[in-house]
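Scroll down for the structure; my scribbles are underneath it.
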Amino acid sequence: MRYNGLELKIALPIRQQPDDVWQQLLAIAEKGSPATKEKFLEAIAELRDDLDVQAIEAAFNRGDIAAVVDAIPWDDLKDALHAMESSLDEVRTKAFDVSVGTVEPYLDPAQLAIHLGEGATLSVSFHHVSKDVQDAIARNTGARITAVTDETRAAVKQMIARAYDEGEHPRSLIPKLKQTIGLTTRQEAAVARYRASIDDGTRPAERVDRMVVRYQKKVLTGRADLIARTETMQAMNDGQRASWWTLVERGLLDVNGFEREWIAIVPTDGRTCLICESLDGERAPIGGEFPGGYLGAPAHPDCRCTEKIVPVEEKSRAGSGSLVTGLELALQMDRLLTALRAAV
Ligand SMILES: [Zn+2]
């Protein structure tokens, strides 16, 4: 894969920040990443164990590739992937807490007094997030899990079709099928090319198989890493946004007085992300879009960006006066991840 764990530790914002909140937020996402990765790999392992070998072989013998693919219990994979939610919930909750602390100085003292009584301390937790926003997070998560499942399914279909064309024996199909489960179509094709490149008659078949299995494992681990990093960055940013939206809904944060600012963070290896570099420092209403139609960080798989809340600058203050309801925020969240769905 393109990245390794080390690079996560040397990621920097492309401009100096006056505070270290982004560091705290990134640390929260990074800490949740290994558990998320593990849950993904467990989900794949479970599906590999649950195959109905007889049904698959029978369908393959009939030449019914669609039936082979349909014999795999994909809904079980979706269910297993939902297990990633426990670690992601933790990330959201922690980011929420950090974010509420950051925003506290900006909260309206008069509103605080009304809501909490004189001298009361602010205690808003992720459990206070409105149902609309919670539902939107759940729907987005569901959509991403469906996308991961669909891509996995497409890779298996591609592999079966290739095996059929090549006259694969049903008995050797099953182990190859198991190894394919979890890969993307692009990765499946890469594995096939790798096999073709080493299977040149100079090595015994068992050795070729072993080398391919090793390669596949590496590729699968890479996908698990990418999904874990993207999901935890998403959860971190969702948790942070949920805190702002919750405070707005409760009348504590003035949606007209504050807006979001994009903080682009790129690893210091020269591999800069053009999308995010151009978004750095751009601003958006709390419930609105950044220039270019971006609804918020992350902007793409493996995006490491985050956002922060800032006072609206006088010049941009005019025109951003609409009241944002929980439902509108939820609808924004629904749209937030469309770009991520196809890519992992
Ligand atoms: Zn980014």
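Quick look at the numbers
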{"read-out": "Given (1) touching an Asp or Glu at 6+ places or on another chain (Cβ under 6 Å); (2) surrounded by fewer than 17 Cβ atoms within 10 Å (Cβ to Cβ), number of the condition residue 136 does not satisfy", "value": "(2)"}
{"read-out": "Subset tally (residues that are farther than 19 Å from residue 144 by Cα, among the small types (Gly, Ala, Ser) and buried (at least 19 other Cβ atoms within 10 Å of the Cβ)) for the stretch 276-308", "value": "2"}
{"read-out": "Matching residues, the stretch 72-105, being among the aromatic types (Phe, Trp, Tyr) and over 20 Å from residue 134 (Cα atoms)", "value": "74"}
{"read-out": "Positions within the stretch 192-231 being modelled with pLDDT of 95 or more, among the β-branched types (Val, Ile, Thr) and touching a Leu at 6+ places or on another chain (Cβ under 7 Å), in sequence order", "value": "219"}
{"read-out": "Residue in the stretch 89-96 that is assigned to a helix (DSSP H, G or I), of a type in the set (Phe, Trp, Tyr) and under 16 Å from residue 238 (Cβ atoms) present", "value": "yes"}
{"read-out": "First in the stretch 33-45 and in contact (Cβ under 8 Å) with a residue 24 or more places away in the chain and of a type in the set (Phe, Trp, Tyr), second anywhere and assigned to a helix (DSSP H, G or I) and buried (at least 17 other Cβ atoms within 10 Å of the Cβ), Cβ under 6 Å, 6 or more apart", "value": "40/224; 40/227"}
{"read-out": "Condition check for residue 87: farther than 30 Å from residue 37 by Cβ, among the polar types (S, T, N, Q), out of contact with any strand residue (DSSP E or B) (no Cβ under 8 Å at 6 or more places or on another chain) and in contact (Cβ under 8 Å) with a residue 24 or more places away in the chain", "value": "no"}
{"read-out": "From 183, 252, 247, 177, residue being among the hydrophobic types (A, V, I, L, M, F, W, C), in contact with a His (Cβ under 8 Å, 6 or more places away or on another chain) and surrounded by 18 or more Cβ atoms within 10 Å (Cβ to Cβ)", "value": "252"}
{"read-out": "Only one of 144, 195, 207 that is buried (at least 17 other Cβ atoms within 10 Å of the Cβ), of a type in the set (D, E, K, R) and outside any loop (DSSP other than H, G, I, E, B)", "value": "144"}
{"read-out": "Residue, surrounded by the fewest Cβ atoms within 10 Å (Cβ to Cβ), within the stretch 46-79, restricted to residues that are assigned to a loop (DSSP other than H, G, I, E, B) and in contact (Cβ under 8 Å) with a residue 40 or more places away in the chain", "value": "63"}
{"read-out": "Test: residue 331 is within 16 Å of the ligand (Cβ to nearest atom) and either more than 16 Å from the chain's Cα centre (by Cα) or at pLDDT below 85 (or both)", "value": "no"}
{"read-out": "Residue, modelled with the lowest pLDDT, within the stretch 264-278, restricted to residues that are within 13 Å of the ligand (Cβ to nearest atom) and in contact with a helix residue (DSSP H, G or I) (Cβ under 7 Å, 6 or more places away or on another chain)", "value": "267"}
{"read-out": "Selected residue [over 30 Å from residue 112 (Cα atoms) and of a type in the set (D, E, K, R)] from 144, 241", "value": "144"}
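The values are calculated or read from the model by the stated rules, or taken from the named source; none is laboratory data. Owing to the predicted nature of the structure, the values given are computational and were not obtained by experimental measurement. Note that each Cβ is placed from the backbone with ideal geometry, even for glycine, and that neighbours are counted across all protein chains shown.
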